[in-house]
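The next block holds one structure in the form of structure tokens; read it before the comments.
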Amino acid sequence: MLRIELGDWESMRTRAAPIRYAVFVDEQKVPADMELDVWDPQSVHAIAFDMDGTALGTGRLLPDGHIGRLAVARTARGSGIGSALLLALMQEARRRGHRAAVLSAQTHAVPFYRRHGYEVSGVEYLDAGIPHVDMRCAL
């Protein structure tokens, strides 16, 4: 059983930040000073909880419809949590009147996003030393 909660940064930070640090800073070596940013307080955050209330994944929706910082704890990957988070954020974007969701995908994750209707909309570039492409999905 999985529960997705949406909320502001103030109410979600203590559960979301450790997941993001574990995935992006510890695993992927993104500089720590790049991980939390000025967009966090302006974004809607999603957290996936298991039936015991353990936070297993997180993501955010920026005011302009960009989805980002999608991260799932290493021990919980492959169980549908990333999909559940992405779909919840897409639904929230739709509810807020966005006609499309856009994101910056690490290139290894392109097939995951394609399964959810996203298409590559730009050329590959580096962000924090990691190859990315922009992707877009009509809502």
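For the range 1-25, the tally of residues that are exposed (fewer than 13 other Cβ atoms within 10 Å of the Cβ) and over 13 Å from Ala88 (Cβ atoms) stands at 3.
Exactly one residue out of Ile19, Ile81 is of a type in the set (Val, Ile, Thr), in contact (Cβ under 8 Å) with a residue 60 or more places away in the chain and more than 25 Å from Gly122 (Cβ to Cβ), and it is Ile81.
If you filter the range 67-124 down to residues that are among the polar types (S, T, N, Q) and closer than 13 Å to Leu56 by Cβ, you find that the one that is most open to solvent (accessible area, probe 1.4 Å) is Thr75. Scanning the range 70-85 for residues that are within 15 Å of Met135 (Cα to Cα) and in contact with a Phe, Trp or Tyr (Cβ under 8 Å, 6 or more places away or on another chain) yields a total of 0. Residue check: Ser83 meets all listed conditions (1) under 23 Å from Leu139 (Cβ atoms); (2) at pLDDT below 95 but one, namely (2). Here is a check on your reading of the model: is Arg95 out of contact with any helix residue (DSSP H, G or I) (no Cβ under 7 Å at 6 or more places or on another chain), at pLDDT 95 or above and of a type in the set (Lys, Arg)? Judged against the criteria, Arg95 is a match.
The values are calculated or read from the model by the stated rules, or taken from the named source; none is laboratory data. If you're wondering where the values come from, they're calculated on a predicted model, not measured in any experiment. Cβ atoms come from the backbone with ideal geometry, glycine included; neighbour counts cover every protein chain shown. What goes into the accessible areas is simple: the full protein's heavy atoms, side chains included, and nothing from ligands, DNA or RNA. Shrake-Rupley method; radii C 1.70, N 1.55, O 1.52, S 1.80 Å.
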